[in-house]
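The values are calculated or read from the model by the stated rules, or taken from the named source; none is laboratory data. The structure presented is a predicted model; accordingly, all values stated were derived computationally and were not measured. Cβ placement follows ideal geometry from the backbone for every residue including glycine, while neighbour counts extend to all protein chains displayed.
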Amino acid sequence: MKLTLSVIKADIGSVGGHVAPSQHLLQTVKDYIGKRAPGLLLDHYISYTGDDIAILMTHTHGPNDEHVHQLAWDAFRAGTDAARKEGLYGAGQDLLKDSFSGNVKGMGPAVAEMEFEERTSEPFLFFAADKTDPGAFNLPLYLAFADVMNTPGLILSPKMSHGYRFVIMDVSNTTGDRIIELNAPEEIYDIAALLRDPERFVVESVWSRATGEQAVAVATSRLHNIAGKYTGKDDPVMLVRVQMNFPATGEILAPYTVGHFVGGGMRGSHQVPLMPVKLNTGISYFDGPPIVSSAGFCVHNGILTEPMDNFAHPFWDTVRDRVATKAIEIRRQGFVGTSMLPMNELEYTGISEKLGDLDKRFRIREAKPELTRV
Ligand code: F6R
Ligand code: MG
Ligand code: MG
């Protein structure tokens with residue numbers, strides 16, 4: 001059967017700062033979807049990562065379906081009302097428009113969707129990250145789909161040896177979706193040249209060149225492009241199909257051992273390492289560190305199994321310890337140099353206002369008359 005996976009996520013309020021949704025808020029969203037899912041959805045799974053709630057849905061209506069998007073939007077609206085009643089912080093933060101107009105894209109919530117012919121067994125992974133932006137997935141996806149040092153399947157599996165097609169978006173462009181398609185392995189240097197700048201160039205999807213099937217869908221929205229001002233980091237979600245013609249689960253997860261530095265953390269303005277965490281983990285140190293969770297599923301006739309918590313395994317404790325050490329180390333550098341994002345990525349206007357004021361106080365020192373030697 002032709003199945004659609006849709007995941008739509010939003011920050012609609014949290015407890016104790018930008019930390020995690022309240023149980024009541026989460027339950028409100030669950031109840032809302034649960035009541036209205038029959039007839040529209042085949043199945044769903046609702047979870048949180050940091051202060052974001054994600055609604056994962058299975059159905060047969062294809063990507064960008066008005067009714068599916070409307071359901072998620074309305075659930076977030078109902079959640080926002082509950083968050084306001086509880087006095088949660090940032091209630092409705094990511095709902096940037098007042099009324100629904102057919103599609104949640106460009107309205108604040110992050111969306112990742114893909115449609116495919118369901119395999120006999122269809123294993124896939126759902127990732128959600130908080131306190132960072134979609135470019136956080138650039139390096140893990142490059143390593144998993146283009147680097148044989150990470151993914152032995154690229155040489156061991158004949159189907160995988162055909163390589164993968166990367167669709168990369170220039171997320172700084174606000175007039176439309178500016179994309180480029182590049183093939184690995186032939187064009188890996190070109191892919192790397194773009195992905196080195198994760199605030200601007202973001203992997204949107206990855207496709208098998210052997211079969212033409214889609215392997216990956218990443219949410220690429222940039223909230224500050226939509227809102228025209230600071231609204232919090234974009235906190236992306238991603239879907240990855242695994243096994244057979246695609247990398248194995250372990251090959252997709254392996255890059256998260258790096259704990260690479262990503263844009264985000266405190267006030268969305270820093271470089272902090274990405275920590276793989278258990279499902280339904282909140283935020284703590286330095287409004288971070290940026291976190292990523294991963295739930296593994298099999299879906300059959302649209303029905304989801306229970307989620308496997310991929311980063312709950314004891315192996316990841318060592319990684320978490322190392323990422324915590326990296327985070328503390330870079331924070332010792334405070335506001336100077338690479339610990340903070342460049343000017344155009346700062347999510348607050350304080351520094352540019354200060355620099356504007358200080359600019360007026362700069363002066364060119366008058367040259368002293370040269371002493372004449374006798
Ligand atoms: C980053 C984030 C937080 C807030 C910070 C200040 O994406 O959500 O780090 O920027 O807690 O929040 P406000 O400005 O709401 O007090
Ligand atoms: Mg928030
Ligand atoms: Mg968030």
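Only one of these is modelled with pLDDT under 95, among the aliphatic types (A, V, I, L, M) and surrounded by fewer than 22 Cβ atoms within 10 Å (Cβ to Cβ): L26, L96. Name it.
Values: L26 fails: modelled with pLDDT under 95.
One residue alone meets the criteria, L96.
Could you check how many residues of the stretch 121-146 are surrounded by fewer than 22 Cβ atoms within 10 Å (Cβ to Cβ) and more than 16 Å from A215 (Cα to Cα)?
Counting residues in the stretch 121-146 that are surrounded by fewer than 22 Cβ atoms within 10 Å (Cβ to Cβ) and more than 16 Å from A215 (Cα to Cα) gives 0.
I need the strands (runs of 3 or more DSSP E) fully contained in the stretch 207-285, keeping only those with at least 3 residues that are in contact (Cβ under 8 Å) with a residue 12 or more places away in the chain and within 14 Å of ligand 1 (Cβ to nearest atom). Even if it seems obvious, please write down each step before you answer.
On the way: elements: 214-218, 237-241, 261-264, 270-273.
Hits in the stretch 207-285: 261-264, 270-273.
Count, please, the residues in the stretch 44-54 that happen to be away from ligand 3 (no atom under 15 Å from the Cβ), touching a residue at least 24 places away in the same chain (Cβ under 8 Å) and among the β-branched types (V, I, T).
The qualifying residues number 0.
Which of the residues belonging to the stretch 68-80 are of a type outside the set (F, W, Y) and either touching a residue at least 24 places away in the same chain (Cβ under 8 Å) or surrounded by 24 or more Cβ atoms within 10 Å (Cβ to Cβ) (or both)?
V68, H69, Q70, L71, A72, D74, A75, A78, G79, T80
Could you list, in sequence order, all residues of the stretch 1-23 that are more than 16 Å from ligand 3 (Cβ to nearest atom) and either surrounded by fewer than 15 Cβ atoms within 10 Å (Cβ to Cβ) or not hydroxyl-bearing (S, T, Y) (or both)?
Residues satisfying the conditions are M1, K2, L3, L5, Q23.
Tell me, please, whether a residue that is touching a residue at least 60 places away in the same chain (Cβ under 8 Å) and either part of a strand (DSSP E or B) or surrounded by fewer than 23 Cβ atoms within 10 Å (Cβ to Cβ) (or both) can be found in the stretch 167-190.
Within the stretch 167-190, not a single residue is touching a residue at least 60 places away in the same chain (Cβ under 8 Å) and either part of a strand (DSSP E or B) or surrounded by fewer than 23 Cβ atoms within 10 Å (Cβ to Cβ) (or both).
Looking at the stretch 339-356 only, could you name the residues that are within 16 Å of ligand 1 (Cβ to nearest atom) and assigned to a loop (DSSP other than H, G, I, E, B)?
Across the stretch 339-356, the qualifying residues are L341, L346, E347, Y348, T349.
This table checks each residue for (1) more than 28 Å from I252 (Cα to Cα); (2) more than 16 Å from ligand 2 (Cβ to nearest atom).
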{"position": "A83", "(1), (2)": "yes, no"}
{"position": "A91", "(1), (2)": "yes, no"}
{"position": "D98", "(1), (2)": "yes, yes"}
{"position": "E113", "(1), (2)": "no, yes"}
{"position": "T132", "(1), (2)": "no, no"}
{"position": "A136", "(1), (2)": "no, yes"}
{"position": "E181", "(1), (2)": "no, yes"}
{"position": "E186", "(1), (2)": "no, yes"}
{"position": "L195", "(1), (2)": "no, yes"}
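If you scan the stretch 261-282, which residues turn out to be hydrophobic (A, V, I, L, M, F, W, C) and closer than 15 Å to S47 by Cβ?
At the first step, the residues of the stretch 261-282 found to be hydrophobic (A, V, I, L, M, F, W, C) are 261-262, 266, 272, 274-275, 277, 279.
Within the stretch 261-282, V277, L279 meet the criteria.
Confirm whether I180 is within 30 Å of K326 (Cα to Cα) and away from ligand 3 (no atom under 16 Å from the Cβ).
no
Looking at (1) out of contact with any strand residue (DSSP E or B) (no Cβ under 6 Å at 6 or more places or on another chain); (2) touching a residue at least 40 places away in the same chain (Cβ under 8 Å), which is the only condition P38 fails?
With (1) out of contact with any strand residue (DSSP E or B) (no Cβ under 6 Å at 6 or more places or on another chain); (2) touching a residue at least 40 places away in the same chain (Cβ under 8 Å) applied to P38, the lone miss is (2).
Out of the residues in the stretch 289-309 that are part of a loop (DSSP other than H, G, I, E, B) and on the phi < 0 side of the Ramachandran plot, state the one that is nearest to ligand 2 (Cβ to nearest atom).
Among those residues, the one meeting the criterion is P290.
Please verify whether the stretch 263-283 includes one or more residues that are of a type in the set (K, R) and closer than 30 Å to N183 by Cβ.
No - not one qualifying residue is present in the stretch 263-283.
Taking G50 as the residue in question, decide whether it is within 12 Å of ligand 2 (Cβ to nearest atom) and not β-branched (V, I, T).
For G50, the condition - within 12 Å of ligand 2 (Cβ to nearest atom) and not β-branched (V, I, T) - is met.
Give just the number: which of (1) surrounded by fewer than 16 Cβ atoms within 10 Å (Cβ to Cβ); (2) in contact (Cβ under 8 Å) with a residue 24 or more places away in the chain does G350 not satisfy?
Status for G350: all satisfied but (2).
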